[in-house]
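Visitor: Pasting a structure below so you can have a look.
Any read-out appearing in this document is the output of simple, stated calculations on the displayed coordinates, not a laboratory observation. All figures in this text were calculated on a predicted structure; none of them were measured in a lab. Cβ coordinates were reconstructed from backbone atoms using ideal geometry, including for glycine residues, and neighbour counts include every protein chain displayed.
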Amino acid sequence: MSLIISNITLHFLSKKEETGEVVLRLGPENVAASSKIESFVDALHKIYNSKGSKAYGHFSSMPAEGDSARFVDVMESYLSDAQTFHQFSGQAGNLLKNELEKYDLAETGYLIVCHYEYMGGRYLLVAIIPISEHYSVDGELNISADQHLDTNKLQLAARIDLFDYQNNAEGNRYISFIKGRAGRKVSDFFLDFLSCEEGLNSKEQTQTLVQAVEDYVAVNQFDANEKQQTRKELLSYCKEQKESAQDVSLQEIGNVIKTEESGQDFYKFCQEQSYPIEESFPHDQAVVNKVTKYAGYGNGISLSFERSHFGQDVVYSPANESITIYKVPPNLKDQLLALMESNANQSANSNQATAQNNENSSLEQTQHSESE
């Protein structure tokens with residue numbers, strides 16, 4: 001395992017129903033990095049990396065209000081060995097407690113603060129992990145309920161790149177945090193707890209990268225197959241960088257998509273065109289995923305196809321908002337033929353039943369007339 005834990009603490013935040021008061025219960029000091037703890041942090045690290053809805057920022061330059069310290073202040077005290085990790089995490093827990101009370105939120109659970117190294121990087125992960133209930137059965141077939149840390153529901157988490165922070169304190173992206181489904185109010189509370197301001201816009205940077213690649217293949221007059229191959233190589237590279245939590249690099253992308261016929265180097269092309277883009281940055285994978293495929297869902301219809309098929313096997317008509325698909329996939333074709341056959345059989349059976357009912361009705365009328 002390439003992940004090395006320097007320090008980790010676990011505190012618990014709960015809320016009294018009758019008063020709404022948030023209670024912070026501190027965990028033990030000097031938690032040993034056992035194999036179970038290492039596996040847990042490794043899993044948490046991977047879950048965090050896999051989150052697509054991350055944003056990036058930096059610590060606010062605004063001073064603390066009153067006598068209260070900011071998160072960055074107590075973190076600096078730990079990094080400079082002025083206090084222990086447990087003291088630092090306890091102070092961070094109190095800052096979080098105050099923000100929860102200020103926003104009157106019910107976001108409670110376990111506060112994880114972990115200082116660790118991974119592939120040469122040094123990180124500080126801060127996360128609130130919710131609790132879920134599960135059931136188990138013992139040898140006597142008795143059902144019992146218990147609680148567990150539900151890491152799959154991780155939404156309130158941030159990670160500080162300590163190398164980037166200490167070497168480039170004026171930067172705007174050494175803090176990453178999950179952004180999205182948790183809701184704006186919750187995001188505000190967590191950013192206020194960290195005294196964090198949003199900085200680098202990963203989505204905009206990635207959109208600029210995709211546009212730069214499209215301009216590059218157009219200027220160099222790539223044919224349709226070469227364009228699609230270039231997009232696939234970009235997608236593959238970005239996926240690898242995402243999985244290893246590494247930034248994408250314009251120079252590396254230039255090496256990935258370079259061909260003998262491409263002529264101009266992609267990196268130099270970006271410099272000459274003066275795109276508003278960093279030389280390396282954490283990308284938004286959801287944006288890159290769209291370079292080779294189009295997809296949509298609505299009203300019970302789901303459709304996706306590779307970009308190379310557009311205009312040939314897939315034709316869109318804006319006039320009547322319709323899509324025509326040629327060369328229907330064999331498995332879909334088989335399903336449609338089976339459905340048509342089933343509908344035809346049902347229709348035939350229905351017509352037969354109607355004819356039989358009409359015949360029976362006619363016979364009854366004849367018999368009734370004869371009896372009269």
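Visitor: What FRET efficiency comes out for the pair residue 326/residue 135, r = Cβ-Cβ distance, R0 = 56 Å, nearest 0.05?
Guide: Step by step, r from the Cβ atoms, then E = 0.60.
Visitor: Sticking with this structure for a sec: In nm, to one decimal, how far is the residue 144 label point from the residue 316 one, both placed 7 Å along Cα→Cβ?
Guide: So the label points at residue 144 and residue 316 sit 5.7 nm apart.
Visitor: While we're here: Among the lysines, select those whose C-alpha is under 29 Å from the C-alpha of residue 239, and discard any that sit fewer than 8 residues away in the same chain.
Guide: 36, 46, 51, 54, 153, 179, 203, 227, 258, 268, 290, 293
Visitor: I'd like the Karplus ³J(HN,Hα) series for the stretch 283-300: coefficients 6.51, -1.76, 1.60, θ = phi - 60°, whole numbers in Hz, and an x wherever there's a Gly or Pro.
Guide: 9, 9, 5, 4, 6, 5, 4, 7, 6, 10, 9, 10, 8, x, 9, x, 6, x
Visitor: For the chain, take the longest principal axis of its alpha carbons; what is the angle in degrees between that and the long axis of helix 35-50, to the nearest 10 within 0 to 90?
Guide: It works out to around 60 degrees.
Visitor: Sticking with the crude label model, points 7 Å out along Cα→Cβ, report the distance from residue 12 to residue 81 in nm, one decimal please.
Guide: 3.5
Visitor: List every residue whose amide H lies under 5 Å from the amide H of residue 122, counting only residues 5 or more places away in sequence or on a different chain, with H placed 1.01 Å from N in the peptide plane.
Guide: 162, 163
Visitor: Multiply the residue separation of residue 336 and residue 279 by 0.36 nm, subtract the distance between their alpha-carbon atoms, and state the gained length in nm to one decimal.
Guide: 15.6 nm
Visitor: List, in order, the whole-Hz ³J(HN,Hα) value for each residue of the stretch 231-245 obtained from phi through the Karplus relation with A = 6.51, B = -1.76, C = 1.60 and θ = phi - 60°; use x for Gly and Pro.
Guide: 5, 5, 5, 4, 4, 4, 4, 5, 4, 4, 5, 5, 5, 9, 6
Visitor: What's the FRET efficiency of residue 24 with residue 243 using the Cβ-Cβ distance as r and R₀ = 51 Å, to the nearest 0.05?
Guide: That gives a FRET efficiency of 0.90.
Visitor: Which three extents, in whole angstrom, do the alpha-carbon atoms of the stretch 173-322 cover along their principal axes, largest first?
Guide: Over the stretch 173-322, Cα extents along the principal axes are 52, 45, 27 Å.
Visitor: Hey, in the GNM for the chain with a 10 angstrom Cα cutoff, which one of 273, 147, 241 fluctuates hardest?
Guide: Maximum fluctuation in the GNM of the chain, among the listed residues, is at 147.
Visitor: List, in order, the whole-Hz ³J(HN,Hα) value for each residue of the stretch 218-225 obtained from phi through the Karplus relation with A = 6.51, B = -1.76, C = 1.60 and θ = phi - 60°; use x for Gly and Pro.
Guide: Per residue, the Karplus-derived 3J(HN,Hα) values read 6, 5, 8, 6, 5, 7, 4, 5 Hz.
Visitor: Next question. Convert 25 °C to kelvin, take the viscosity as 0.890 mPa s, use the Kirkwood radius over C-alpha pairs of the stretch 133-251 as Rh, and evaluate the Stokes-Einstein diffusion coefficient in µm²/s, rounded to a whole number.
Guide: 131
Visitor: Relative contact order of the chain, please, whole-number percent, based on alpha carbon pairs below 8 angstrom and at least 6 residues apart.
Guide: Reported relative contact order: 15 percent.
Visitor: 5 Å is the cut-off here: which amide hydrogens, built 1.01 Å from N in the peptide plane, fall below it relative to residue 7, excluding neighbours closer than 5 in sequence?
Guide: 115
Visitor: Quick check: Cα centre of the stretch 207-283 to Cα centre of the stretch 136-154, how many Å?
Guide: 48
Visitor: Under a crude label model (7 Å from the Cα following the beta-carbon direction), how far is residue 306 from residue 264 in nanometres?
Guide: 2.8
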